[in-house]
1. Name the long-range amide H neighbours of Lys144: under 5 Å, sequence gap of 5 or more, or other chain; modelled H, no Pro or chain starts.
2. Evaluate the charge dipole of the chain about its Cα centre and quote only its size in Debye, nearest 20, assuming +1 on the Cβ of each Lys and Arg and -1 on the Cβ of each Asp and Glu.
3. Would you mind giving the three semi-axes, in whole Å and largest first, of the ellipsoid equivalent to the chain according to its Cα gyration tensor?
4. What is the sum of charges, Lys and Arg at +1 and Asp and Glu at -1, for the other residues whose Cβ falls under 15 Å from the Cβ of Val60?
5. Through the Karplus equation 6.51 cos²θ - 1.76 cosθ + 1.60, θ set to phi - 60°, convert the phi angles of segment 134-139 into ³J(HN,Hα) values in whole Hz; use x for Gly and Pro.
6. Given a 1.4 Å probe and every protein chain left where it sits, what share in percent of the accessible area of segment 1-126 is carbon and sulfur?
7. Among Gly124, Gly13, Gly151, which one shows the highest mean-square fluctuation when the chain is modelled as a Gaussian network with alpha-carbon springs under 10 Å?
8. How much net charge surrounds Leu152 when only other residues with a Cβ under 13 Å from its Cβ are counted (Lys, Arg +1; Asp, Glu -1)?
Amino acid sequence: MDRSLYHETRSTGAALAATAVCAVAGGAVHGFELPPAGDTRRFFLALLALMVLSMLVELVVDVRRFRKAVPLADDVEPPPDERLRERLFLPGLFAFIVVPTTAAALAWGWWVALFPLTSAAEWGTQAVVITVWERRNGLLLWRKFTMGNVGLATSPLSPRPPTRNATGAPPA
């Protein structure tokens, strides 16, 4: 189980790092010249349209998923909150993005390496949506793995108070 916000932030970091690596590799082979002006405009407009459309769809779908998230059971403690600084991107996702994008950038040019920016924008937007949702609802959103599926669970924003016995005293 891990925080959904951290997962989205790390995914964004992996996509941005992959974009940088692939753009440098493609630029080293083909140079950093832009394609003809008409192709460049069409490419960037298509990229922008794809980003906006995917973000709008994700916003609607994800907010519905967040509302359906179930609270963690009382006997389940959320894992300790690991620091985001210690691991800024997901290495497996980075490799998954880098391999085909580098091949495409080497074949066609450095500008093809900009395609992972659509994923980075989507995941970054999703991280912002999760942050706003968590603050509005006073809950943390967790990704919970059950039977091969990823589900969402919630826990209170602040840690649970210690349990007390019938007299109100903390347990020994």
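The values are calculated or read from the model by the stated rules, or taken from the named source; none is laboratory data. Computed from a prediction, not measured in an experiment: that's the story for all the values here. FYI the Cβ positions are ideal-geometry reconstructions off the backbone, even for glycines, and counts take in every protein chain you see. Note: accessible area is taken over every heavy atom of the protein model, side chains too, but ligands, DNA and RNA are not part of it. Shrake-Rupley method; radii C 1.70, N 1.55, O 1.52, S 1.80 Å.
1. Answer set, sorted by chain and number: Gly151, Leu152, Ala153.
2. Details: 17 positive and 14 negative charges, 82 e Å.
Dipole of the chain, to the nearest 20 debye: 400 debye.
3. Details: eigenvalues 351, 60, 28 Å².
Each semi-axis is √(5λ); the values are 42, 17, 12 Å.
4. Values: positive: Arg64, Arg65, Arg67, Lys68; negative: Glu58, Asp62, Glu122.
Local charge sum for Val60: +1.
5. So the Karplus estimates, Gly and Pro as x, are 4, 5, 5, 9, x, 10 Hz.
6. Ligands and nucleic acids excluded, carbon and sulfur reach 68 percent.
7. In this elastic network of the chain, the residue with the biggest mean-square fluctuation among Gly124, Gly13, Gly151 is Gly151.
8. Numbers: positive: Arg3, Arg64, Arg65, Arg67, Lys68, Arg143, Lys144; negative: Asp2, Glu8, Asp62, Glu134.
Summing Lys/Arg as +1 and Asp/Glu as -1 gives +3.
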